[in-house]
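Below: one structure, written as structure tokens.
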Amino acid sequence: MQWIAMITMLIDHIGLVFFPDQEMWRVIGRIAFPIYVYALVQGHFHTSSRPRYMMRLAVIAVISQIPYQLALDPYGLNVVVTLFVGAVILYLLDRSESAILSVILVIAACVVMNDLPFDYGAYGLLLILIFRYASSAWLVPCHIMLNLLFWLLNNWEMQMWSVLPTVVIAYGPEFWKRLESMQVSRWVWRSFYPLHLVLIALARYIM
């Protein structure tokens, strides 16, 4: 699972930087984000310390920001910032005793993430919430509805391909368990995002 997320993200970013006119790179890249979201939610459930888990995400986000700006988007916030905010929202929702305050929190976070240059914006947070709260039976339909909404709002037609890994997660648990058994070193998993951005930025500078 982790290898698929890293490789498809790498393919996506190579296509974005070096082959912007070849759509297939970006189509393959749509596979990555739902896997990272799934990993985030699993980490939320199984970590021994949620504050430490969020702190690790924050550190990776900070380390990745300058390479992200040099490699992909000089004005944007990298995707780990989106995942970090998602982890914070999940933490706050778990501690909230008011449904009304929880809804207000989610709406406010979506507005902020759409107004500021978050990678994936409100879409990213809503997909995290779907993976956290939707049952297996509703995971794929909710993801499809979210993609349709943002297709209409932002013309994100290509994002429909991101449903593919969600289908495997929801309906292929045995296959997914085999993929999960192919563990990646924790340092490779944590360092891959900022490291690959540095390499792309260097290649972009050289070329």
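The values are calculated or read from the model by the stated rules, or taken from the named source; none is laboratory data. What you see is a predicted model, and the numbers here were worked out from it, not measured in a lab. Backbone-built Cβ (ideal geometry, glycine too); neighbour counts: all protein chains shown.
Summary table below
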{"read-out": "Any hit, the range 193-203, residues being under 15 Å from the mean Cα position of the chain (by Cα) and within 26 Å of Ile60 (Cα to Cα)", "value": "yes"}
{"read-out": "Qualifying residue in the range 178-194 (condition: out of contact with any helix residue (DSSP H, G or I) (no Cβ under 9 Å at 6 or more places or on another chain), among the charged types (D, E, K, R) and farther than 21 Å from Leu16 by Cβ)", "value": "yes"}
{"read-out": "Candidates Glu157, Glu174, filtered to the one that is among the acidic types (Asp, Glu) and modelled with pLDDT under 90", "value": "Glu174"}
{"read-out": "Condition met for Trp3 (in a helix (DSSP H, G or I), more than 14 Å from the chain's Cα centre (by Cα) and either polar (S, T, N, Q) or surrounded by 16 or more Cβ atoms within 10 Å (Cβ to Cβ) (or both))", "value": "no"}
{"read-out": "Test: Asn155 is more than 16 Å from the chain's Cα centre (by Cα) and polar (S, T, N, Q)", "value": "yes"}
{"read-out": "Condition met for Ala170 (over 27 Å from Met24 (Cα atoms) and either surrounded by fewer than 16 Cβ atoms within 10 Å (Cβ to Cβ) or among the aliphatic types (A, V, I, L, M) (or both))", "value": "no"}
{"read-out": "Odd one out for Ser135 among (1) more than 26 Å from Glu23 (Cα to Cα); (2) more than 16 Å from the chain's Cα centre (by Cα); (3) at pLDDT 95 or above", "value": "(3)"}
{"read-out": "Residue that is surrounded by the fewest Cβ atoms within 10 Å (Cβ to Cβ), among those in the range 173-207 that are assigned to a loop (DSSP other than H, G, I, E, B) and among the aliphatic types (A, V, I, L, M)", "value": "Met207"}
{"read-out": "Test result for Thr82, modelled with pLDDT of 95 or more, within 22 Å of Ala203 (Cα to Cα) and among the hydroxyl-bearing types (Ser, Thr, Tyr)", "value": "no"}
{"read-out": "Flag for Ser64 being touching a residue at least 24 places away in the same chain (Cβ under 8 Å), assigned to a helix (DSSP H, G or I) and among the small types (Gly, Ala, Ser)", "value": "yes"}
{"read-out": "Residue within the range 95-116 that is of a type outside the set (A, V, I, L, M, F, W, C), under 21 Å from Leu153 (Cα atoms) and touching a strand residue (DSSP E or B) at 6+ places or on another chain (Cβ under 9 Å) present", "value": "no"}
{"read-out": "From the options Phe45, Phe131, Phe150, residue that is farther than 30 Å from Ile14 by Cα and either touching a residue at least 40 places away in the same chain (Cβ under 8 Å) or part of a helix (DSSP H, G or I) (or both)", "value": "Phe45"}
